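Read the figures in this text as sums done on the coordinates, not as results from a lab. Please read these numbers as outputs of a predicted model, since none were measured by experiment. Glycine also receives a Cβ, built like all others from the backbone with ideal geometry; neighbour counts cover every protein chain displayed.
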Ligand SMILES: [Ca+2]
Ligand SMILES: [Ca+2]
């Protein structure tokens with residue numbers, strides 16, 4: 001902790017530890033599970049008082065598709081694989097009024113002529129796991145980019161590559177930017193390319209198994225207009241797939 005933050009804590013008469021305990025107690029009194037602490041912490045700068053609208057944080061309105069398989073897959077033989085949570089994901093809190101701002105927006109890709117399906121399927125609202133509900137991009141490193149049309153505050157990016165059967169997609173990277181070339185204001189929200197085989201820099205996030213819950217990445221309220229997702233094949237084949245990408249946000253003020 002920086003010295004000035006520590007002084008601010010002392011000035012308030014509580015140790016940093018005590019302040020964290022008070023914040024947790026306040027959260028629990030609002031009925032929020034402890035797992036949602038991260039979203040709140042991200043919205044509040046360290047050493048600052050809680051924002052006036054803090055009580056208005058609500059779960060983002062996620063609508064999940066029907067699961068296509070049950071239980072925990074075995075024998076995937078993928079290194080650095082995250083253990084499944086074994087229960088539904090905790091609600092993800094964001095300011096009231098945050099919605100999926102990606103639906104129907106313009107999608108571009110490193111593969112503008114998909115092997116199967118159309119790029120519009122990336123954000124058409126169809127999240128079903130069945131054949132016909134995903135777009136298939138070519139082999140190797142591929143990406144899709146969504147232009148939100150204007151700068152937005154982004155609280156979460158939620159995406160499903162494929163959930164018909166348990167799969168692991170490799171070198172998953174999620175980025176935000178202010179320009180379509182991803183040069184201005186480039187930020188990386190998620191990167192599990194631990195050995196940098198995709199050349200975007202090594203990431204520390206873990207591999208994970210795709211399910212009907214999709215993968216939720218914290219946007220931390222970042223301001224951006226463009227969202228890009230990379231992958232580099234999966235444990236079943238070299239191809240890349242998207243069932244749906246959702247971006248929970250609101251127009252930037
Ligand atoms: Ca879709
Ligand atoms: Ca890699």
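Using the number of other C-beta atoms within 10 angstrom as an exposure proxy, rank 154, 146, 116, 62 with the fewest first.
Ordered by Cβ neighbours within 10 Å, fewest first: 116, 62, 146, 154.
Full extension from residue 124 to residue 89: what is 0.36 nm times the residue separation minus their Cα-Cα distance, to one decimal in nm?
10.2 nm
Tell me, 242, 208 in order of fewest to most beta-carbon neighbours within 10 Å?
208, 242
Starting from the Cα gyration tensor of the range 81-203, take the square roots of the eigenvalues, sort them a ≥ b ≥ c, and report rounded, prolate or oblate (rounded when a/c is under 1.5, otherwise prolate if a/b is larger than b/c, else oblate).
Because its axes are fairly even, with a/c under 1.5, the range 81-203 counts as rounded.
Using a Förster distance of 22 Å, how high is the FRET efficiency between residue 236 and residue 105, based on the Cβ-Cβ distance and rounded to 0.05?
Step by step, r from the Cβ atoms, then E = 0.15.
Can you tell me the order of 87-98, 194-205 when each peptide is scored by its average per-residue count of other Cβ atoms within 10 angstrom, highest first?
87-98, 194-205
Bin all alpha-carbon pair distances of the range 77-132 at 10 Å intervals from 0 and give each bin's fraction as a whole percent.
Pairs per bin, as whole percents: 15, 28, 36, 21, 0.
Can you sort 145, 231 so the residue with the fewest Cβ neighbours within 10 Å comes first?
145, 231
Cβ neighbours within 10 Å, averaged per peptide: list 179-185, 136-142 in order, most packed at the top.
136-142, 179-185
Residue 194 versus residue 81, label points 7 Å from Cα toward the beta carbon: distance in nm?
1.3 nm
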